[in-house]
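Enquirer: Got a structure here, written out as structure tokens. Questions coming.
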Amino acid sequence: MTDGDTADTGDGAPGRDPLLETGPRLALCALLQGAEWVDFATARDMLDVSDSAISKHSRTLEDAGYLDVRKGSIGRRPRTWFRLSPRGRVALTGHLAWLTSLSRAVGDRDTDAAAADAGGGA
């Protein structure tokens, strides 16, 4: 992986972030971008994944500095809450911009190919 392959290129340029290429990680970050704190059970249910999947992916994101994790309890029941860290917001924004540019590039190529096919078939 080169510096240009990551969302955090240092110059604010958008870029691919391999850490966010795993569906549940990208989905968790997308869920958290619009919320202050989201509890573990809500994240699990919204993403329709197992407890172990949320645990594994949230730990990876936390280790990368993309998630803030808060632990506490409600009554006697332990609870865990997540929020997207500032670094996570930058990474998500960059990765989504990269995906958008990739989609446009593929769309432009498909449009060019369709135009060539239409012109060649006459």
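The values are calculated or read from the model by the stated rules, or taken from the named source; none is laboratory data. Quick caveat, the model's predicted, so the values are computed rather than measured. Quick reminder, even Gly has a Cβ in these numbers, built from the backbone with ideal geometry, and neighbours come from all protein chains shown.
Enquirer: Hey, ARG87 hits all of (1) farther than 16 Å from ASP17 by Cα; (2) in contact with a Phe, Trp or Tyr (Cβ under 7 Å, 6 or more places away or on another chain) but one; which does it fall short on?
Expert: Single failed check for ARG87: (1).
Enquirer: Can you name every residue in the range 47-84 that is over 26 Å from ASP17 (Cα atoms) and hydrophobic (A, V, I, L, M, F, W, C)?
Expert: Within the range 47-84, just ILE74 meets the criteria.
Enquirer: Within the range 10-68, how many residues turn out to be touching a residue at least 24 places away in the same chain (Cβ under 8 Å), in contact with a helix residue (DSSP H, G or I) (Cβ under 6 Å, 6 or more places away or on another chain) and of a type in the set (D, E, K, R)?
Expert: Adding up the residues that qualify gives 3.
Enquirer: I'd like the full set of residues that are within 19 Å of ARG89 (Cα to Cα) and either surrounded by 14 or more Cβ atoms within 10 Å (Cβ to Cβ) or in contact with a Phe, Trp or Tyr (Cβ under 7 Å, 6 or more places away or on another chain) (or both), limited to the range 48-64.
Expert: Scanning the range 48-64 gives ILE54, HIS57, SER58, THR60, LEU61, GLU62, ALA64.
Enquirer: Next question, about the same structure. Can you tell me how many residues within the range 32-47 are of a type in the set (Gly, Ala, Ser), at pLDDT 95 or above and exposed (fewer than 15 other Cβ atoms within 10 Å of the Cβ)?
Expert: The number of residues fulfilling the criteria is 1.
Enquirer: Within the range 42-67, count every residue that is among the aliphatic types (A, V, I, L, M) and part of a helix (DSSP H, G or I).
Expert: Going through the range 42-67 one residue at a time, the tally reaches 6.
Enquirer: Does ARG16 count as in contact with a Phe, Trp or Tyr (Cβ under 6 Å, 6 or more places away or on another chain), modelled with pLDDT under 95 and not in a helix (DSSP H, G or I)?
Expert: Judged against the criteria, ARG16 is a match.
Enquirer: Only one of these is surrounded by 11 or more Cβ atoms within 10 Å (Cβ to Cβ), hydroxyl-bearing (Ser, Thr, Tyr) and at pLDDT 95 or above: THR80, THR22, THR100, THR9. Name it.
Expert: THR80
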